[in-house]
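I have placed the structure first, in the form of structure tokens, so that the comments after it can refer back to it.
The values are calculated or read from the model by the stated rules, or taken from the named source; none is laboratory data. From a predicted model like this one, the values you see are computed outputs, not experimental measurements. Positions of Cβ are backbone-derived with ideal geometry, glycine not excepted, and every protein chain shown enters the neighbour counts.
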Amino acid sequence: MSHRSHAVASFPSVTLPSPAGGVPVEISLIAQLGHGAGSQLVAASSARQRAHAAFVDELDEPSARLGGTHFEHGDPTSLYTFAVGADGHPFHRHAGHRVFTAISGSSGALLRFCTATPAQLEADPAHFLRALRHVEIPPDSMFTVRFGGGTWHQFLPLRAGSGHPAFFALSCHTNELGGDLTEEARRRVLADDATIPSLTELLPDAVLALLERTPAASMHVPTASLSLEAPPGSLQVTLCGFARRVVGAARAAIARWTRPGGFLARTDGWHTVIELAEPEADSLLRDQFVGRMDHQDSFRLALADVQPLHARASVLLADLLEAFVQHPPAGVSRLMALRNLLVRPLGLRRSPLACPVSSLLAPADKHVFAGRFPVLDQRVDAGDTFAQVVLGADDKHLAFRSCVSLRVIDGRVDITLGTRVRCRNAFGRAYLRLIDGVHRRYVSPVVLRSAVQYAFATAGRQEPAARRASMPAGW
């Protein structure tokens, strides 16, 4: 077969028009991966696909539905993964349009398409052979495919008998109800129970029999070959293909022996700390160091819909203070350890907790919150929707006061941590200038975020009535 190759400036692409006037088939080659990467990716991704809850293995096309339709929101799309192995899969078609992105195995992929209509095939099964078109995808490559509903297609490894898979794909069904669906298929789609096999129609028996008895060498199917590294059919492509098949076999074998699956980490967006320009109007911090202060900051963290509508602010504030003591952030603890080591010769006050909340470890005095937390002042409003405490200590070089407040509004919880500092001598002012940036930008926000994370992390928190029964005496 002769090749007429030409260079392109962007992605090598081919369009196969539909003689019946339907949506054309569009294929674009996007990138070529490292030697053997394709078969390795297919092996690893296929193992993960097999472990998926929606995995289906039928019609030589194992698949999994990653995302179903949301008709109630006006979204008829769905998302699947599917793989085509070393033996390919049978010719078939779907009623709806298909768009997928795939990675070819290390021997490449052969894409076969036919846009013959059912009427044309019923009148003359041989019309299928005349309308057949092939597209060759190089090994270890990323490519995209888009075609309309009713397009017959079959996918195979480019090199038969190589032992390499054809590809692994991520497929978007642009409209799960699109096309001429059977009543059973429509019922399954509306019930959100559709699968790729349930939306698949195999080739008619007459056409299949014709295809099987026609030698491939005698078909002379028009073929388009896509390539990135060198012209298709060149010596470079041939040698590169051999190397990719050898390396791909080894990398695929290693991938099959490795642990499938992956990892998931979450960061809760509601742990965002905002710095306020000044303390809230009803904050007890406004009563501290009224005559003169050398530093002031205030930080708020808002949590939406995390508590029962009638949660008691005083109960939640006690949980928060407990979290300050029991779960200090590791980074801040290391800074405090270094600070304690440096100031020990100076005889300054030392604590494993950062200064906004370090006085929580002081001996209990006449003012105690929740029966166990030493405080300088406290206030809980009549409805127990707003509770706050004042913490603090006096040292040789400076004195600090911190206010921790918690407000509950229809299930939303606003937590505020503010601090004021008054220096007592020149050393205190120099010390404050040295630590001000770290305290404002790191210590206070991180201490607040860490405490909230632990105090409000448990989804199955006790209801307030149950919590009341367990509150210590002297509340």
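Just a yes or no: is a residue in region 284-298 free of Cβ contacts under 8 Å to residues at least 24 places away in the same chain and under 29 Å from Ala370 (Cβ atoms)? Give the derivation first.
Residues of region 284-298 that are free of Cβ contacts under 8 Å to residues at least 24 places away in the same chain, as a first pass: 286, 290-291.
Adding the requirement that they be under 29 Å from Ala370 (Cβ atoms) leaves 286, 290.
Checking region 284-298: at least one residue is free of Cβ contacts under 8 Å to residues at least 24 places away in the same chain and under 29 Å from Ala370 (Cβ atoms).
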* Got at least one residue in region 128-136 being surrounded by 20 or more Cβ atoms within 10 Å (Cβ to Cβ), part of a loop (DSSP other than H, G, I, E, B) and of a type in the set (Val, Ile, Thr)? -> no
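Going by what's in this entry, would Gly163 be described as under 34 Å from the mean Cα position of the chain (by Cα), within 21 Å of Glu201 (Cβ to Cβ) and assigned to a loop (DSSP other than H, G, I, E, B)? I'd like the intermediate steps shown before the answer.
Numbers: under 34 Å from the mean Cα position of the chain (by Cα): yes; within 21 Å of Glu201 (Cβ to Cβ): no; assigned to a loop (DSSP other than H, G, I, E, B): yes.
No, not satisfied.
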* Please verify whether region 365-382 includes one or more residues that are of a type in the set (D, E, K, R), touching a Leu at 6+ places or on another chain (Cβ under 6 Å) and either free of Cβ contacts under 8 Å to residues at least 60 places away in the same chain or buried (at least 21 other Cβ atoms within 10 Å of the Cβ) (or both). => no
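Checking the condition outside the structural domain of Thr77 (by TED's automatic domain parsing) and touching a residue at least 40 places away in the same chain (Cβ under 8 Å), which residue from Leu208, Leu276, Leu190 passes? Talk me through it step by step, then tell me what you get.
Working: Leu208 fails: outside the structural domain of Thr77 (by TED's automatic domain parsing); Leu190 fails: outside the structural domain of Thr77 (by TED's automatic domain parsing).
Only one candidate passes the filter, namely Leu276.
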* **Single condition Val375 does not satisfy, out of (1) more than 24 Å from Ala426 (Cβ to Cβ); (2) under 36 Å from the mean Cα position of the chain (by Cα); (3) not hydroxyl-bearing (Ser, Thr, Tyr)** => (2)
* **Criterion violated by Trp152 - all others in (1) crowded, with 20+ Cβ neighbours inside 10 Å; (2) within 26 Å of Ala44 (Cβ to Cβ) satisfied** => (2)
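Residue-by-condition table, conditions (1) of a type in the set (A, V, I, L, M); (2) buried (at least 22 other Cβ atoms within 10 Å of the Cβ):
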{"residue": "Arg350", "(1), (2)": "no, no"}
{"residue": "Gln388", "(1), (2)": "no, yes"}
{"residue": "Ala393", "(1), (2)": "yes, no"}
{"residue": "Arg412", "(1), (2)": "no, no"}
{"residue": "Val446", "(1), (2)": "yes, no"}
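Matching residues to (1) modelled with pLDDT of 95 or more; (2) part of a helix (DSSP H, G or I); (3) closer than 22 Å to Arg401 by Cβ; (4) basic (Lys, Arg):
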{"site": "Leu309", "(1), (2), (3), (4)": "no, no, no, no"}
{"site": "Val315", "(1), (2), (3), (4)": "no, yes, no, no"}
{"site": "Asn340", "(1), (2), (3), (4)": "no, yes, yes, no"}
{"site": "Leu348", "(1), (2), (3), (4)": "no, no, yes, no"}
{"site": "Pro352", "(1), (2), (3), (4)": "no, no, yes, no"}
{"site": "Lys366", "(1), (2), (3), (4)": "no, no, yes, yes"}
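Table: residues versus (1) modelled with pLDDT of 95 or more; (2) part of a loop (DSSP other than H, G, I, E, B).
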{"residue": "Gly96", "(1), (2)": "no, yes"}
{"residue": "Gln120", "(1), (2)": "no, no"}
{"residue": "Met142", "(1), (2)": "yes, no"}
{"residue": "Phe168", "(1), (2)": "yes, no"}
